[in-house]
6 protein chains.
Amino acid sequence: MISGKEKKIIAYHEAGHALVTYYSPEADPVQKISVISRGQAGGYTLKVPLEDRRLRSRRQFLAELAVLLAGYASERLVLGDISTGATNDLKEASALTRKLVTQFGMSDKLGPITYGKTEEMVFLGREITTEKNYSEKMATEIDAEVKKTITNAEKTAEKIIKTHRQKLDLLADTLMKKEIIEKEEFEKLMSA
Amino acid sequence: MISGKEKKIIAYHEAGHALVTYYSPEADPVQKISVISRGQAGGYTLKVPLEDRRLRSRRQFLAELAVLLAGYASERLVLGDISTGATNDLKEASALTRKLVTQFGMSDKLGPITYGKTEEMVFLGREITTEKNYSEKMATEIDAEVKKTITNAEKTAEKIIKTHRQKLDLLADTLMKKEIIEKEEFEKLMSA
Amino acid sequence: MISGKEKKIIAYHEAGHALVTYYSPEADPVQKISVISRGQAGGYTLKVPLEDRRLRSRRQFLAELAVLLAGYASERLVLGDISTGATNDLKEASALTRKLVTQFGMSDKLGPITYGKTEEMVFLGREITTEKNYSEKMATEIDAEVKKTITNAEKTAEKIIKTHRQKLDLLADTLMKKEIIEKEEFEKLMSA
Amino acid sequence: MISGKEKKIIAYHEAGHALVTYYSPEADPVQKISVISRGQAGGYTLKVPLEDRRLRSRRQFLAELAVLLAGYASERLVLGDISTGATNDLKEASALTRKLVTQFGMSDKLGPITYGKTEEMVFLGREITTEKNYSEKMATEIDAEVKKTITNAEKTAEKIIKTHRQKLDLLADTLMKKEIIEKEEFEKLMSA
Amino acid sequence: MISGKEKKIIAYHEAGHALVTYYSPEADPVQKISVISRGQAGGYTLKVPLEDRRLRSRRQFLAELAVLLAGYASERLVLGDISTGATNDLKEASALTRKLVTQFGMSDKLGPITYGKTEEMVFLGREITTEKNYSEKMATEIDAEVKKTITNAEKTAEKIIKTHRQKLDLLADTLMKKEIIEKEEFEKLMSA
Amino acid sequence: MISGKEKKIIAYHEAGHALVTYYSPEADPVQKISVISRGQAGGYTLKVPLEDRRLRSRRQFLAELAVLLAGYASERLVLGDISTGATNDLKEASALTRKLVTQFGMSDKLGPITYGKTEEMVFLGREITTEKNYSEKMATEIDAEVKKTITNAEKTAEKIIKTHRQKLDLLADTLMKKEIIEKEEFEKLMSA
């Protein structure tokens, strides 16, 4: 059994993800929001892509980052505290941003150069860095670009949350009552 | 057989933990205090959570840090010396603070970014850092945030101890006489 | 099935490679351009060397770098966004540039000195660095030379693309319609 | 057979340990002094604790450091040279001081924070550092604290040796003649 | 089949080695020059020592470095481009220079000190560095000495090539025609 | 067969060792000098200790360093070149100096502190560093102390060689003629 206090945190966290998704033209549409825990996650917000994709673009990634940080931003702005419920979002957002900057050439400042040799370890199911082939000075520039990119994504999320605060409260209240919001109801609530 | 001098150190150490727990609204209530050694520990203070938790918040962690440092602060303030009895508390507090700053996005200065790839090694029963993916400059900022957070928690503990010094002496004296204080007696002593 | 939007990205990406190849005297001639995906790649541009080579020269490598960055530059200039379709090009260009600077003595600033011991691991099919035998200061100079070399190659690609923008559009449009351009048609389109 | 010159070095070395032990209230009492070599050590000074201990305090450690450095200080002050006979003392003193500073929270400047993850390797019978989890800047501060602590302990030892130089000579002379001084004789010599 | 353009590169490369060898009193005499490829090498210049040697001196090493860099210098000065044909020469020259500076005490600035523990791995047939036992500051000084030494050797080679440019052209032309120059013919050409 | 030129280098190298040994009161007396190669060494100078030793002192080590560098200094001063014949001397002198500074507390500037955890690997027959437990700043100070100590030892050797140059020439000439000098002849030559 989850306490009322935790349910509120999870509801505002997931409402944050859903709200920022809705107002990001580059993000996939929301399919379902739930505050029923699944595995380690307190709740979840499902998004479904409209079409198959072979490529991802810089604009799509920046939208994805804002969505990832929206749960954290919502907890912070509404409840004035931060919970461990955002840990996986932060981990994912940070890893994605490092790839953007060091593998995809998507930072204006660092340009079309890749940093660090990485290798897909198929048998381990993950990518590992096999060599740090750059200087400390470059590591410092990479950190600065990562921080700037994440901070901008956080601001984007915060701005959407502040502008649409009533919708956020509406979503969170509905989640606390019903625990699940399906696609149709979500769109009805948002367009009301 | 434990000497009288060591019993006094342990009594003030555990009294410190219990006192700071009592005056921290975010901390779990004290269940039992003991100066009878158990394994490597000289004594122990049991706390029991009021409800199941899926999430931990920044405020709860800061309270937990003050409680962890309370034994050290009590020895230092009352006895004017520091013993190895605080070693595990410091280790736990330091590890927790590093997670707060580098994994949970709970430092205002460093923001919602994770630093260092970590992995749960199930068969070893612990988490290891598999990659230091940040610069020396960021390592320096992380150290500064860790130090600031721990120092603030220590000050919080010290302030509670100084404000309620008579209660601390009462708890320590009782422990030196009876060796164990159960929940009911603890609350009676504190509310007297 | 690939979406129309992705086809356009891939078409401009491959048209960029082909265009810059055509206008680089040191590069091998274009044999075929395709926007039909093959493995992980969205499309591909085949070049065929005119003769067997035992040696590669600095000028050839600089032309190859401009060709490698042409897909990225074309996406950026024409579509105003960057996609993950350029990831392998950037990886290859960065690795080649590091070899140019650290193994081939082809940077004027660093001169005829090799940095880092490398070894061909025949059984793994790749080269690994077995020892970083230089200082951080030198690592910083290497990074600066790599960045300068890549940036120059990017500018070379951009300049060709801007100068021959109509040819680029012609190639991309043809690719979106026909999906494949063979050598003869390519040369007809270019010389028209 | 040991030469007369080496016997003198060892006698002053052990006399230094014994003298500083005697004048350090926090140190355990001297049980036996010997200049008969045992294993790698030239001689030895036995101390026996007065009671069982579960805890060690900062003051006890600082006394222990002065005792450890007393052999080195005695050779230096009396003979004007330093021998390899002090090597193990320096190794032990340095390792203890690093623990004081990085594991026990006993440096005022660094405070109640632990640096470096360490693990007891039971099957190897020793502790290893599994992770350097702090910055170069912090490593520099740790080195400075270690140096300050050792230098202070050396000064403490030197001061005791200079103040009680006649007792030191008396102990060394006795050792050169008799090779062993037992507890009773030691106390008689010191209180004479 | 090798193209005429590549033959010219290889001919000037080998002519460079042979010419600088001829004008370096400390170098062994040229035995044979060939532009017929052997293994990975485009061509080769054989030198044969006049006597058995147990020792190598600083002056001999400096002559050897100039000879090693002569192929690179010749390509650069005559053809205005640099090829991968010099890669092994640069690798060998760089490794030798590092030994000169860090193992043989042959740098005036660094003096008779060795840096880095190395070990002959007999079963692997090569030497490996088992420990970097010096500071970053020293690594920077080592790099600067390596660069100065190589740059001086390059200048020595360039000066010989510029002074004897006609001989270089004569050797290269002969190589392009005959592919091989034996010792007798070499000496006839040089002394003509 | 060794050439006359190499014999001269080896003779002056060994004469240097023997001469500096003779004029260093702390060094063991010369037993034999030879320029007949043995294993990798070109020649050798045997010293035999006058008595068994359990301890080594700072003064003895400084004398040993001057002796180790005397072959290098002799080649440099007399022949104006340096050979690889000094390589093992430099390796040994550098390793000994690092131990002096980091393990034996024999540097005034660094004091009685040990740096780096080392372990005797009995089965490998050598000592390895298992942990670099100090900062870059300290590594820089260690390098500076090592350089100062070696430079001073080199100056000591040079001064003895310059002062007794005629004796050096006498020893070298004798070695070139006879190849071996035994203890008695050595002392006769020196006291002549």
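The values are calculated or read from the model by the stated rules, or taken from the named source; none is laboratory data. On a predicted model such as this, the values are computed, not experimentally measured, just so you know. Positions of Cβ are backbone-derived with ideal geometry, glycine not excepted, and every protein chain shown enters the neighbour counts.
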Original post:
Does A:Glu75 satisfy the condition of being in contact with a helix residue (DSSP H, G or I) (Cβ under 9 Å, 6 or more places away or on another chain) and modelled with pLDDT under 95?
Top reply: no
In the range B:30-52, anything under 21 Å from B:Glu187 (Cβ atoms), within 14 Å of chain A (Cβ to nearest Cβ) and out of contact with any Asp or Glu (no Cβ under 8 Å at 6 or more places or on another chain) is listed as B:Glu51
Those residues of the range A:145-156 that are more than 8 Å from chain B (Cβ to nearest Cβ) and either modelled with pLDDT under 95 or crowded, with 17+ Cβ neighbours inside 10 Å (or both) come to a total of 4
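Does D:Ala86 count as within 11 Å of chain F (Cβ to nearest Cβ), within 28 Å of B:Leu77 (Cα to Cα) and outside any loop (DSSP other than H, G, I, E, B)?
no
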Worksheet item: Taking the condition surrounded by fewer than 19 Cβ atoms within 10 Å (Cβ to Cβ), in contact with a Ser or Thr (Cβ under 9 Å, 6 or more places away or on another chain), among the acidic types (Asp, Glu) and away from chain F (no Cβ under 14 Å), does D:Glu64 pass?
Response: no
| query | Looking at this structure, is C:Leu69 within 9 Å of chain A (Cβ to nearest Cβ) and touching a Gly at 6+ places or on another chain (Cβ under 9 Å)? | reply | yes
How many residues of the range D:153-162 are in contact (Cβ under 8 Å) with a residue 24 or more places away in the chain and either over 11 Å from D:Tyr23 (Cα atoms) or more than 13 Å from the chain's Cα centre (by Cα) (or both)? The answer is 6
### Message
Going residue by residue through the range B:53-61, is there one that turns out to be within 9 Å of another protein chain (Cβ to nearest Cβ), under 26 Å from B:Glu182 (Cα atoms), part of a helix (DSSP H, G or I) and over 14 Å from the mean Cα position of the chain (by Cα)?
### Response
no
Filter the range A:53-69 for residues that are without any contact (Cβ under 8 Å) to a residue 40 or more places away in the chain and among the basic types (Lys, Arg); the one that is nearest to A:Lys99 (Cα to Cα) is A:Arg56
If we keep only residues of the range E:30-52 that are assigned to a strand (DSSP E or B) and without any contact (Cβ under 8 Å) to a residue 24 or more places away in the chain, then the residue surrounded by the most Cβ atoms within 10 Å (Cβ to Cβ) is E:Leu46
Within the range F:1-26, residues of a type in the set (A, V, I, L, M) and buried (at least 21 other Cβ atoms within 10 Å of the Cβ) come out as F:Ile9, F:Ile10, F:Ala11, F:Ala15, F:Ala18, F:Leu19, F:Val20
All conditions in (1) in contact (Cβ under 8 Å) with a residue 60 or more places away in the chain; (2) over 27 Å from F:Arg58 (Cβ atoms) are true of D:Leu175 except (2)
Within the range C:89-138, residues being under 24 Å from E:Ile82 (Cα atoms), of a type in the set (A, V, I, L, M) and at pLDDT below 95 number 1
Residues of the range E:1-29 being at the interface with chain C (Cβ under 10 Å from one of its Cβ atoms), in contact with a Lys or Arg (Cβ under 9 Å, 6 or more places away or on another chain) and without any contact (Cβ under 8 Å) to a residue 60 or more places away in the chain, in sequence order, are E:Ile2, E:Ser3, E:Glu6
Taking the range E:72-83 and keeping residues more than 17 Å from E:Thr151 (Cα to Cα) and either more than 8 Å from chain C (Cβ to nearest Cβ) or surrounded by 22 or more Cβ atoms within 10 Å (Cβ to Cβ) (or both) leaves E:Val78, E:Leu79, E:Gly80, E:Ser83
Conditions (1) in contact (Cβ under 8 Å) with a residue 12 or more places away in the chain; (2) among the charged types (D, E, K, R); (3) closer than 30 Å to B:Gly80 by Cβ -> D:Glu75 fails only (3)
- Query: Would the range F:121-133 turn up any residue that is under 20 Å from the mean Cα position of the chain (by Cα), surrounded by 14 or more Cβ atoms within 10 Å (Cβ to Cβ) and within 14 Å of chain D (Cβ to nearest Cβ)?
  - Reply: no
Residue pairs qualifying under the 7 Å Cβ cut-off, at least six apart or on distinct chains, with the first in the range D:179-192 being farther than 12 Å from D:Ile33 by Cα and the second being part of a helix (DSSP H, G or I) and among the aromatic types (Phe, Trp, Tyr), are D:Met190/D:Tyr22
From the option list D:Lys137, D:Lys91, D:Lys159, single residue qualifying as more than 25 Å from F:Lys99 (Cβ to Cβ), part of a helix (DSSP H, G or I) and more than 11 Å from chain B (Cβ to nearest Cβ) is D:Lys159
Being in contact with a strand residue (DSSP E or B) (Cβ under 7 Å, 6 or more places away or on another chain) and of a type in the set (Asp, Glu) narrows F:Asp28, F:Asp52 down to just F:Asp28
Of the residues in the range F:41-72, those that are modelled with pLDDT of 95 or more and among the charged types (D, E, K, R) come to F:Arg58, F:Arg59, F:Glu64
